[in-house]
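The values are calculated or read from the model by the stated rules, or taken from the named source; none is laboratory data. Computed from a prediction, not measured in an experiment: that's the story for all the values here. Because the Cβ atoms are built from the backbone with ideal geometry, glycine has one as well, and the counts that use them run over all protein chains shown. The protein model used for the area step is the full one, side chains on, heavy atoms only, and it has no ligands, DNA or RNA in it. Shrake-Rupley method; radii C 1.70, N 1.55, O 1.52, S 1.80 Å.
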Amino acid sequence: MTADSTPALVKQADADGPAPAGPSAARGPRARNTKAYLTYVAAKIGGAVVSLFAVLVTSFFLFRLIPSDPVKQMTGGRRVSAEQLQSLRHQFGLDQPMWQQFTSYVGDALTGDFGTSYQFHAPVMDKIVEALPATLLLTGTAYVLYSALGIWLGTRTAWRNGSKSDRFNTALALTLYSVPAFWLGLLLIIVFSVGVGPIPGMFPTGGLESGNETGFAYVLDVAHHMVLPVITLVAVGYAQTLLVMRSSLLDEMGSDYLTTARAKGLRDDAVRRKHAVPNAMLPTFTLMFVNLGHVVAGQILVETVFSWPGLGGLFYQGLSVPDLPLVQGLFFVFATAVILANTLADVLYPLLDPRVGR
């Protein structure tokens, strides 16, 4: 294998030979590769559609296993007559046969209607749209930070395999990766919000804002509230990205093409940046798309610990009733985000590695 920085798709095209000229060009290797890729994409999209339907079925039956009566929970323990309870059940369609509830749910969900929340008395989709920006702000910020930090540190630790910095960063990443995110969040609240010993409480215990700021002061206030939850998400997310990037790069470091690149006189930094890292990025690329789906799905426990008004906190509130339309709608949105992110990764992966999807 020779050391050059020619894109993988160009190499593949060269390996297939020059495209035939004239009318027969459409029957050449390039056309066959395009047809194989389109077939591959169609199969992945079809699998995603099947997965989404399976999520619809699962979201309907799963939360009905919760041993609780939503109507009694909505009354808050107040004394309510049997007639009033029956009226509420009829209002929310809970007195219908299970099969009829299911068909109504699937039909409405396909049009984006997940019903009316029991506790908020508002359309579920409106509550989701209302809470979505807070989740995107928190998890999106954390996603960008831990992806960049994990790739950078994973590259440095692998390239200096066995050094003190490698051992320290790997041990720290393994520790943080094994720590539950909600536990780490609680620990940060105790130390930096409540204060321990000489460390004063510097950050809010939760929430998105103080509620009395405007303009640029409001931006600073929101950033102040984001510090601890973002640190919690970054600590866990960067550890996973670092470990995957480090492992991938270590697998590449013994390859012949890197030895050839060094023999041609390329500097070590150039060998790493132009040859080793692009090839080692493929598994990390997949991981980044998987994590991209969780940007929408959020972190339910972390948002709950920090009282963050996002989708995760909304899901926790829905489970406490249980608010069946709300948790069903949120579950479908979470799963859809993850499925779409995985499908997008599958569709783009052959463009980086032509061996996939042949």
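Based on alpha-carbon atoms only, what is the radius of gyration of the range 201-262 relative to the globular estimate 2.2 N^0.38 Å? Don't skip to the end; give the middle numbers.
Numbers: Rg = 21.0 Å, N = 62, 2.2 N^0.38 = 10.6 Å.
Expressed relative to 2.2 N^0.38 Å, the Cα Rg reads 1.99.
Output the Kirkwood hydrodynamic radius of the range 89-222, Cα pairs only, in Å rounded to one decimal.
Taking the inverse mean of 1/r over all distinct Cα pairs, the range 89-222 comes out at 20.1 Å.
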Can you find, among Gly215, Leu176, Thr155, the residue sitting farthest towards the positive end of the charge dipole of the range 125-227, where Lys and Arg contribute +1 and Asp and Glu -1 at Cβ? Thr155
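Find, to one decimal place in angstroms, the Kirkwood hydrodynamic radius of the range 128-189, where the mean of 1/r is taken over every pair of different Cα atoms and then inverted.
Computed over Cα pairs of the range 128-189, the Kirkwood hydrodynamic radius comes out at 13.8 Å.
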Overall Cα dimensions of the range 280-332 - principal axes, largest extent first, Å: 47, 24, 12
Distance in nm between Asp268 and Leu250 label points, each 7 Å along Cα→Cβ, equals 1.9 nm
Once the piece of chain linking Leu136 and Val227 is laid out straight, how much longer is it, given 0.36 nm per residue of separation minus the C-alpha distance between them? 31.3 nm
Can you pull the percent of the range 196-280's accessible area that's carbon plus sulfur, 1.4 Å probe, other chains left in place? 57 percent
Leu110 to Asn161: extension gain in nm, 0.36 nm per residue of separation minus the Cα-Cα distance? 13.2 nm
In vacuo Debye scattering of the range 258-358, one point per C-alpha: log10 I(q)/I(0) at q = 0.13, 0.16, 0.20 Å⁻¹? -0.65, -0.78, -0.96
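What full-extension length gain, to one decimal in nm, is calculated for Gln96 and Trp183 as 0.36 nm per residue of separation minus the Cα-Cα distance? Walk me through the intermediate numbers first.
On the way: separation 87, 0.36 × 87 = 31.32 nm, distance 4.18 nm.
Stretched out fully, the Gln96 to Trp183 stretch lengthens by 27.1 nm.
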Suppose each label sits 7 Å from its Cα in the direction of the beta carbon; what would the Val49-Thr34 distance come out to in nanometres? 2.3 nm
Quick check on the range 180-290: what does the Kirkwood estimate of hydrodynamic radius come out to from the alpha carbon pairs, in Å? 17.5 Å
Where only protein heavy atoms count, and the probe is 1.4 Å, what is the accessible area per residue for the range 219-358 in Å²? 40 Å²
